[in-house]
Amino acid sequence: MLSQNLLREESACGRLRRRPVEISGTVFQPLAMPQVLEDCFRLLLQKADAIADPFEQAFFLMVQLPYLQPFEDVNKRVSRIGANIPLIKHNLCPLSFIDVPERAYVEGTLGVYELNRVELLQDVFVWAYERSCQRYLAITQSMIEPDPLKIKYREALIEAVQAVVKGLLAPSPQTLAQLAVGLASVADQAAFAQLLADALRHLHEGSVARYRLKRSEFLAWQAR
């Protein structure tokens, strides 16, 4: 997905590269032989999987993926996403590079390419993670708690709204209760009917896509 429409050869998207690549701004030459590259890529994944500490695992991926250059392009982008996998798996704050000075990140990566030194990139990683934690904390504090019932019945609620709108039904208490019987457990039926009533009351042209409805379907229901 990251390399879609970016590569000259469309079939190169998502596969290990089969040709040599050069990196601008450095004399570093990545591995060129496809078989050796594949062997090293598999070894990289095995080593990453053997690392228990999520932060060490994240930093390992951030260093080693761009150094190996396993893909024709987007290697650094893949490494930044890959670095988030162990953090998310361990329920830790994700790593964002929004505030990272581009020059510091580039120089840190060049230090790995040309000198096999990770100190600068390590400083960038730590600084970026501290900033990410601050941003993440600020965001979570401003968010409301998710409603477990809405999460549990997300698809069922979409199905119920579609049934009312596409069926041109009046949102009467009897209709909503009948839909709740077929879509929710006995204990949750009253609460589900209320969720459905609220969803229909707040439905408008700008929110129909949330319920996978067409604007024309909503307008026809509204007119009825």
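All of the numbers you see were taken from the coordinates with simple rules; none came from a lab. This one's a predicted model, so the numbers in the text were calculated from it and none came from an experiment. Quick reminder, even Gly has a Cβ in these numbers, built from the backbone with ideal geometry, and neighbours come from all protein chains shown.
Numbers below:
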quantity	calculated
Relative contact order, percent, the range 139-224 [alpha-carbon distance under 8 Å, six or more residues apart]	35 percent
Candidate lysines - alpha carbon under 30 Å from LYS152, same-chain residues fewer than 8 apart omitted	LYS89, LYS166, LYS214
Relative contact order (%) - criterion: Cα under 8 Å, at least six apart; region: the range 57-183	18 percent
FRET efficiency, GLU130 to ILE98 (Cβ-Cβ, R0 22 Å, nearest 0.05)	0.95
Gyration tensor verdict on the range 37-135 (Cα atoms; rounded if a/c is under 1.5, prolate if a/b is larger than b/c, oblate otherwise)	oblate
Residue-span extension gain [ASP123 to ARG210] - 0.36 nm each, minus C-alpha spacing	27.1 nm
Linear extension gain, HIS202 paired with ASP53, 0.36 nm per residue minus alpha-carbon span	49.0 nm
Option label - log10 I(q)/I(0) by the Debye sum over Cα atoms at q = 0.08, 0.13 Å⁻¹ computed here, alternatives (i) -0.26, -0.72; (ii) -0.52, -0.85; (iii) -0.31, -0.83	(ii)
LEU219-GLN46 pseudo-label distance in nm [points 7 Å out on the Cα-to-Cβ vector]	6.2 nm
10 Å Cβ shell holding at most 11 others, DSSP loop, GluC sites (Glu not before Pro): longest site-free stretch of the chain	23-204
In the range 1-56, trypsin sites (Lys or Arg not before Pro) in a DSSP loop with at most 15 other beta-carbon atoms within 10 Å	ARG8, ARG15, ARG18
Length-normalised contact order for the range 1-98 - Cα pairs under 8 Å, 6+ apart - percent	26 percent
